[in-house]
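Asker: Questions regarding the structure given below will be posed in turn.
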Amino acid sequence: MAKEEVIKEMGDDNGIPDQKIKEIYVLLLIGCVNRSIKTHIHLQKELFLFSKILNPELASVFSFNEHNFGPYDSEVEEIIETPFYYEGAFKEEGNSRITLTSQGQKYYKELIDKNKDNEKFQYLLSSLKLLREIYDSLSTDEFLFLVYTSYPNFEKNSEIYNNLIKNAKIRKQILESLLNKGIISKEKYMELYSLYD
């Protein structure tokens, strides 16, 4: 699924600039379910996992690097604060929840309407909704734990890796919560619990 192919973009014959692609994916991720994204960490990690698992073509668009809280793309933060193509689309609510403004909802609806007959776009939207349904249910610690155990090379520069992964008591609490939420199997629980002992 080519990064440009999936979005039937507003008469742009020469391809879509990477910045606009990023803004579209942020807009779609936030807008695809009727609730705000919990934290900036959730936004960053959901985009990271989407680009790694569901659409590897986006790896060339997003630039995730090691950071204090795992994979991080500084341009995603800039998009939330001052988007170039979708001005005024995003806002932060109390305690760093991110949502679409009324203008952002208009942009989102325009993208949906322009791509209503595009099967690849509909698949993309379904994938983003699934991603949100799974990962929005996680606490920040649970989400970071999953990212660190799945992508250990992103632990570099982490402020909380040791506390989440190497502390047996916290690791057990997180694993039990993930198991109870149906995010991991009992086998995965045992594997991750014993892996760091």
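Taken together, the values in this text are just the output of simple stated rules run on the coordinates, not laboratory data. None of these values were measured; they are calculated from a predicted model. Counting neighbours? That spans all protein chains shown, and the Cβs are built from the backbone with ideal geometry, glycine included.
Asker: Shape verdict for the range 18-135, please, from the Cα gyration tensor: rounded (a/c under 1.5), prolate (a/b greater than b/c) or oblate.
Answerer: Working: a/c = 1.41, a/b = 1.12, b/c = 1.26.
In terms of gyration-tensor shape, rounded.
Asker: Compute the long axis of helix 18-31 from its Cα atoms, compare it with the longest principal axis of the Cα atoms of the chain, and write down the angle in degrees, 0 to 90, nearest 10.
Answerer: Approximately 70 degrees, to the nearest 10.
Asker: Further question: When the dipole is taken about the Cα centre of the chain, and only Lys, Arg (+1) and Asp, Glu (-1) are charged at their Cβ, what size is it in debye, to the nearest 20?
Answerer: Result for the chain is approximately 780 debye, rounded to the nearest 20.
Asker: Going by C-beta contacts inside 10 Å, put Tyr151, Tyr123 in order with the fewest on the left. It would help to have the intermediate numbers written out before the result.
Answerer: Numbers: Tyr151 17, Tyr123 13.
With the fewest neighbours first, Tyr151, Tyr123 line up as Tyr123, Tyr151.
Asker: Expressed as a whole percent, how much of the Cα-Cα distance distribution for the range 99-189 exceeds 15 Å? If you can, show how the numbers build up before the last one.
Answerer: Details: 2845 of 4095 pairs.
Counting pairs separated by more than 15 Å, the tail of P(r) holds 69 percent.
Asker: Also: Could you let me know the centre-to-centre spacing of the range 166-193 and the range 11-51, using Cα atoms, in angstrom?
Answerer: One Cα centre to the other: 29 Å.
Asker: Report the one residue of Tyr107, His40, Leu195 whose Cα lies farthest in the direction of the positive end of the charge dipole of the chain (charges on C-beta: Lys and Arg +1, Asp and Glu -1; origin at the Cα centre).
Answerer: Leu195
Asker: I need the Kirkwood Rh of the range 140-195: take the reciprocal of the average 1/r across all distinct C-alpha pairs and report it in angstrom.
Answerer: That comes to 11.2 Å for the range 140-195.
Asker: Using only C-alpha positions, report the orientation-averaged shadow area of the convex hull of the chain, nm², one decimal.
Answerer: On the way: hull surface 45.4 nm².
Reported value for the Cα convex hull: 11.3 nm².
Asker: Still on this structure: Taking loop as defined by DSSP and a crowding limit of 14 other beta carbons within 10 Å, which trypsin sites (Lys or Arg not before Pro) in the range 128-197 fit?
Answerer: Values: sites: Lys129, Arg132, Lys156, Lys166, Lys169, Arg171, Lys172, Lys181, Lys186, Lys188; in loops: Lys156, Lys181.
In loop regions of the range 128-197 (DSSP not H, G, I, E or B), the sparsely surrounded trypsin sites (Lys or Arg not before Pro) are Lys156, Lys181.
Asker: Pop a pseudo-label 7 angstrom from the Cα along the beta-carbon direction at both Gln105 and Lys166 and give the gap in nm to one decimal.
Answerer: 4.7
Asker: Taking amide H positions as placed in the peptide plane 1.01 Å from N, state which residues far from Arg97 in sequence (5 or more) or on other chains have amide H under 5 Å from it.
Answerer: Close amide H contacts, sequence-distant or interchain: none at all.
Asker: Please compute the modelled spin-label separation between Glu187 and Asn118, points set 7 Å along Cα→Cβ, answer in nm with one decimal.
Answerer: 3.8
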